[in-house]
Amino acid sequence: MNCQPHIKRLVYNCSLINQFCLLCDDPAEQPYPLCVACEQELPWLDDQCQRCALPLPMAGLICAQCSRHLPAFEQVIALWHFGFPVDTLVSRFKHNRQWSLGRLMAELLGHGLLYRFAEGLPRPDLLLPVPLARRRLRERGFNQAGMLGRWLSSQLGLCCDERLLVRTRETPAQQQLDARARRRNLHQAFAIRGEVKGMHVAIIDDVLTTGATAQAIAEVLGKAGARRVDVYCLARTPKPGYV
């Protein structure tokens, strides 16, 4: 059974015809449906931890958490910190099926990744979207990380495999759990159903909050022989009080 929507048909009208800004409805006057004024107002992620992309007050630093315990992944690439209006856009994409917003954010992330590849960021061999539990996939009808992965795959010219990484058990939703509970919740929750030995793999997700999901998956990939694991996501959640 294919639970995924027909992405190309759903976003065609928004991405190729009548280029109006999806945020303010003014003419976009850009190759994608976002005007310059709204684009400048997005919460762009500037100074950040060099490993997990946590927003920091200065550039070129590693956060305290990564200094104490280096994560199993090498680097997180995120465009924004998880603030307004990106938090609303992600919610509307994820919970209200407004796929055109997801397509727009994926395209902007793709532009950011292409720029970083040109600046020397190693290109991965494979994109791996974070899988949903079967029950949650049935309820929602689609996996937002899978959609992001397919859009990025097309834009970046990279392979995306939605079957290689699987959830081995149902887990409670992460949103209401603290960092320690998230780590316990995800213990042995993922497995690899394929070959990743010697490969550079990029995990795809919408938002990185505590990093517990990325850490759990990166550990599994490392044990399976992956050479390097990165994380590509739309947004990184800052610590409370971050302005």
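The table for this structure:
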item: Enumeration of residues in segment 33-45 that are under 17 Å from the mean Cα position of the chain (by Cα) and surrounded by fewer than 22 Cβ atoms within 10 Å (Cβ to Cβ); result: LEU42, PRO43, TRP44
item: Members of segment 179-211 found to be among the aliphatic types (A, V, I, L, M) and either part of a strand (DSSP E or B) or modelled with pLDDT of 90 or more (or both), listed by number; result: ALA191, ILE192, VAL196, MET199, VAL201, ALA202, ILE203, ILE204, VAL207, LEU208
item: Qualifying positions in segment 81-131 - over 15 Å from the mean Cα position of the chain (by Cα), basic (Lys, Arg) and either crowded, with 23+ Cβ neighbours inside 10 Å or in a helix (DSSP H, G or I) (or both); result: ARG92, ARG116
item: The listed residue being of a type in the set (D, E, K, R) and out of contact with any strand residue (DSSP E or B) (no Cβ under 8 Å at 6 or more places or on another chain), out of ARG135, ARG150; result: ARG135
item: Any hit, segment 216-236, residues being in a loop (DSSP other than H, G, I, E, B), touching a residue at least 40 places away in the same chain (Cβ under 8 Å) and over 14 Å from LEU165 (Cβ atoms); result: no
item: Among residues of segment 132-150, those that are outside any loop (DSSP other than H, G, I, E, B) and in contact with a Lys or Arg (Cβ under 6 Å, 6 or more places away or on another chain), counted; result: 1
item: Unique residue being over 29 Å from ARG163 (Cα atoms) and at pLDDT below 60 when the list is LEU16, LEU22, LEU10; result: LEU16
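Here is a yes/no grid of residues against (1) among the aliphatic types (A, V, I, L, M); (2) assigned to a loop (DSSP other than H, G, I, E, B):
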residue: CYS52; (1), (2): no, yes
residue: ALA59; (1), (2): yes, yes
residue: CYS66; (1), (2): no, no
residue: PHE73; (1), (2): no, yes
residue: LEU79; (1), (2): yes, no
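The values are calculated or read from the model by the stated rules, or taken from the named source; none is laboratory data. On a predicted model such as this, the values are computed, not experimentally measured, just so you know. No Cβ is skipped: glycine too gets one built from the backbone with ideal geometry, and neighbour counts run over all protein chains shown.
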